[in-house]
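K.L.:
A single structure is presented below for examination.
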Amino acid sequence: MAIHTTINGKSKYHDHESKQDVIDYILNPFKIPSGFIGYMNVDPRNPALSMHQCSALFGKDKGVQIRHFVVSFDRNEVRDSATANAIATEFMNYIGREYPVLYAVHENTDQIHFHMAFNNVSLTGKRYYGTKSEYYAMLSAFKAILRKYGIY
């Protein structure tokens, strides 16, 4: 069963360095030997800066700065990083319709998994609060993507 974990360190994601810290962790080259990385609505040369500029444009650069989650797959569900990449790409395309987003498929553990982070402010200035309705809408979209790959 795929496991979706939202990472919410208490006040960890509130400071302005948090975007860079999370992105540096996600894009650590030692964790992504196959190089499966995706970006949408961010400058791949400096994604943290472009996310910050989006937030600042709307005067919403206070509070939670970035959303970060991990999706881990059971070995019987996803056996290769290319499949994890395909799933991550589809999910990125869903989130990226509204928010600057990036992901990387990590292969540094026994379980293939991907990390995804998106800016807390959308391209239109809407803030993502992580309410139950926002979370469950996103989870529902993700489950629909998983079903395409026979994962329930």
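K.L.:
Which entries of Lys12/Lys62; Lys31/Lys126; Lys62/Lys143 have Cα-Cα distances beyond 23 Å here?
P.N.:
Beyond 23 Å: Lys31/Lys126; Lys62/Lys143.
K.L.:
Separate question: Taking a quarter of the surface of the convex hull around the Cα atoms of segment 76-152, what do you get in nm²?
P.N.:
5.4
K.L.:
What does the charge add up to near Lys31, with Lys and Arg as +1, Asp and Glu as -1, over the other residues with Cβ less than 14 Å from its Cβ? Don't jump to the answer; show the numbers that get you there.
P.N.:
Details: positive: none; negative: Asp24, Glu107, Asp110.
Charge balance in the 14 Å sphere: -3.
K.L.:
Please report, for the Cα atoms of segment 47-107, the Rg to one decimal and the Dmax as a whole number; what are they, in angstrom?
P.N.:
Cα only, segment 47-107: 14.5, 46 Å (Rg, Dmax).
K.L.:
Tell me the carbon and sulfur percent of the accessible area for the chain, rounded to whole percent, probe radius 1.4 Å.
P.N.:
Roughly 54 percent, rounded to a whole number.
K.L.:
Using DSSP to define loop residues, name the trypsin sites (Lys or Arg not before Pro) in segment 11-40 whose beta-carbon has at most 16 other beta-carbon atoms within 10 Å.
P.N.:
Lys12
K.L.:
Quick query: amide H of Lys126 versus all other amide H atoms, modeled in the peptide plane; which residues come in under 5 Å with a sequence gap of 5 or more or a different chain?
P.N.:
Residues meeting the amide H criterion: none.
K.L.:
Tell me, what is the FRET efficiency for Arg75 and Lys31 to the nearest 0.05, using R0 = 25 angstrom and their Cβ-Cβ distance as r? Each step should come with its number before you reach the end.
P.N.:
Working: r = 18 Å, r/R0 = 0.71.
Efficiency at R0 = 25 Å is approximately 0.90.
K.L.:
Using only the heavy atoms of the protein chains and a 1.4 Å probe, how would Asp21, Asp43 rank by accessible area, largest first?
P.N.:
On the way: Asp21 90, Asp43 50 Å².
Solvent-accessible surface, decreasing: Asp21, Asp43.
K.L.:
In square nanometres, what is one fourth of the surface area of the convex hull spanned by the alpha carbons of the chain?
P.N.:
On the way: hull surface 33.4 nm².
Mean projected area for the chain: 8.4 nm², to one decimal.
K.L.:
In deg cm²/dmol and to the nearest 500, what is the mean residue ellipticity at 222 nm of the chain if only DSSP H runs of at least 4 residues count, each as -39500 (n - 2.57), divided by the residue total?
P.N.:
-11000 deg cm²/dmol
K.L.:
Going 7 Å from the Cα of His14 along its beta-carbon direction, which residues of segment 34-72 have the amide nitrogen within less than 19 Å of the resulting point?
P.N.:
It comes to 56, 60-68, nothing else.
The values are calculated or read from the model by the stated rules, or taken from the named source; none is laboratory data. For clarity, every value in this text was computed on a predicted model and none was experimentally measured. No Cβ is skipped: glycine too gets one built from the backbone with ideal geometry, and neighbour counts run over all protein chains shown. With ligands, DNA and RNA removed, areas are computed over all heavy atoms of the protein, side chains included. Shrake-Rupley method; radii C 1.70, N 1.55, O 1.52, S 1.80 Å.
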